[in-house]
Amino acid sequence: MIISSISMKNFQCYSGEHETNYLEFSDGLNLIIGDNGGGKSKLYDAFYWVIHNKIFQSDQRQMVSTKLYKENLISDKAKNECQIGNSVSAEVTMIVTSSNEKKYKLERIYKAKKNADREWQPTNDSVMLISEFSHAKWNVVPEPKHAGILNRVIPGHIEPYMWFQGEQVDSLMDLADSSALTQVVNLLSDIKDYSDLASLTDGGAAKSAAELRRHKSKHIKDEKRSNELNANLESATKSIDEYQRDI
């Protein structure tokens, strides 16, 4: 699927409403550029969180579940501004489009209630909502279909490469192996599949061209024989007419 846009509400360093933290992507390759500490990694956290319900924990340098990360998902600013007794949520919304032009809205929401200045009552886990745009409105997709849709957005086999920092590269590939980078490129791009398809196409085109030449040659021979038979038929018909007149 193609990711069209992503927006965040009080997610990590992205405080404020969805309209404030909204990114719309163009066709093809999109680059996210920013200063150190500008929120690039937290943006990728948002992508990963929507799909896998996990987030990168910097001190342990590993992905942890929402159940363990809890209210740390929510913007510090939003938590400070939240009144005791009220609730605040971290939300991420992503719009994706499938190859058959179906549009889906993926929303993950996590809420926590503020019991005291430093005391929170978080929900057990986040909530995932998926809607399909049909007949000019968003229609809720039943939960049993969620896994299939999410796997089409970010296929499971590229999950390890979806979010990582430079220090983690050695955990993804053996840099001492000269073929490691090629394997990663093949995995992420399916370039070998395209090469195989190109080879099959070239082979099919060559066979089709040879078959066309054979049929053309046969057609030319058949046409010559047909002309001969038509000439003989015309001559025989004239002879029959002459014999009938004589009779």
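Just need a number here: residues in region 95-135 that are acidic (D, E), more than 30 Å from Q83 (Cα to Cα) and not in a strand (DSSP E or B). Can you show your working first?
Narrowing region 95-135 to residues acidic (D, E): 101, 107, 117, 119, 125, 132.
Narrowing further to those that are more than 30 Å from Q83 (Cα to Cα): 101, 132.
With the extra rule that they be not in a strand (DSSP E or B), the set shrinks to 101.
Adding up the residues that qualify gives 1.
Hey, can you tell me all the residues within region 56-77 that are under 17 Å from G16 (Cβ atoms), touching a Phe, Trp or Tyr at 6+ places or on another chain (Cβ under 9 Å) and in a helix (DSSP H, G or I)? Before you say what the answer is, go through the steps one by one.
The initial filter retains those residues of region 56-77 that are under 17 Å from G16 (Cβ atoms), namely 73-77.
Then drop every residue that is not touching a Phe, Trp or Tyr at 6+ places or on another chain (Cβ under 9 Å), which leaves 73-75.
Passing the criteria: only L73.
Restricted to region 116-135, and to residues that are touching a residue at least 40 places away in the same chain (Cβ under 8 Å) and surrounded by 15 or more Cβ atoms within 10 Å (Cβ to Cβ), which residue is farthest from the chain's Cα centre (by Cα)?
So, considering only residues that are touching a residue at least 40 places away in the same chain (Cβ under 8 Å) and surrounded by 15 or more Cβ atoms within 10 Å (Cβ to Cβ), the one farthest from the chain's Cα centre (by Cα) is W120.
Is at least one residue of region 38-55 over 18 Å from I3 (Cα atoms) and either in a strand (DSSP E or B) or among the hydrophobic types (A, V, I, L, M, F, W, C) (or both)?
Taking region 38-55 first, the residues over 18 Å from I3 (Cα atoms) are 38-39, 54-55.
Subsequent filtering for residues that are either in a strand (DSSP E or B) or among the hydrophobic types (A, V, I, L, M, F, W, C) (or both) retains 54-55.
Scanning region 38-55, I find at least one residue that is over 18 Å from I3 (Cα atoms) and either in a strand (DSSP E or B) or among the hydrophobic types (A, V, I, L, M, F, W, C) (or both), so the answer is yes.
Determine, yes or no, whether V92 is under 22 Å from I6 (Cβ atoms) and open to solvent by 50 Å² or more (accessible area, probe 1.4 Å).
no
Going through region 1-20 one residue at a time, which ones are more than 14 Å from I95 (Cβ to Cβ) and either of a type in the set (F, W, Y) or in contact with a Gly (Cβ under 9 Å, 6 or more places away or on another chain) (or both)?
Listed by number, the residues that qualify are K9, N10, F11, Q12, C13, Y14.
Scan region 18-39 and give yes if some residue there is in contact (Cβ under 8 Å) with a residue 60 or more places away in the chain, closer than 30 Å to E132 by Cβ and open to solvent by less than 60 Å² (accessible area, probe 1.4 Å), otherwise no.
Here is the first cut: in region 18-39, the residues in contact (Cβ under 8 Å) with a residue 60 or more places away in the chain are 18.
Next, from what is left, pick out any that are closer than 30 Å to E132 by Cβ: 18.
If we keep only those that are open to solvent by less than 60 Å² (accessible area, probe 1.4 Å) as well, we get 18.
Checked region 18-39: at least one residue is in contact (Cβ under 8 Å) with a residue 60 or more places away in the chain, closer than 30 Å to E132 by Cβ and open to solvent by less than 60 Å² (accessible area, probe 1.4 Å).
Which pairs have Cβ atoms under 6 Å, sit 6 or more apart or on different chains, and link a residue in region 93-115 that is within 22 Å of H52 (Cα to Cα) to one that is among the charged types (D, E, K, R)?
Qualifying pairs under 6 Å: T93/E107; I95/K105; T97/K103; Y104/E132; I109/E91; A112/E71.
The values are calculated or read from the model by the stated rules, or taken from the named source; none is laboratory data. Quantities reported herein were computed from a predicted structural model and do not represent experimental measurements. Quick reminder, even Gly has a Cβ in these numbers, built from the backbone with ideal geometry, and neighbours come from all protein chains shown. All accessible areas refer to the heavy atoms of the entire protein, side chains included, with ligands and DNA or RNA removed. Shrake-Rupley method; radii C 1.70, N 1.55, O 1.52, S 1.80 Å.
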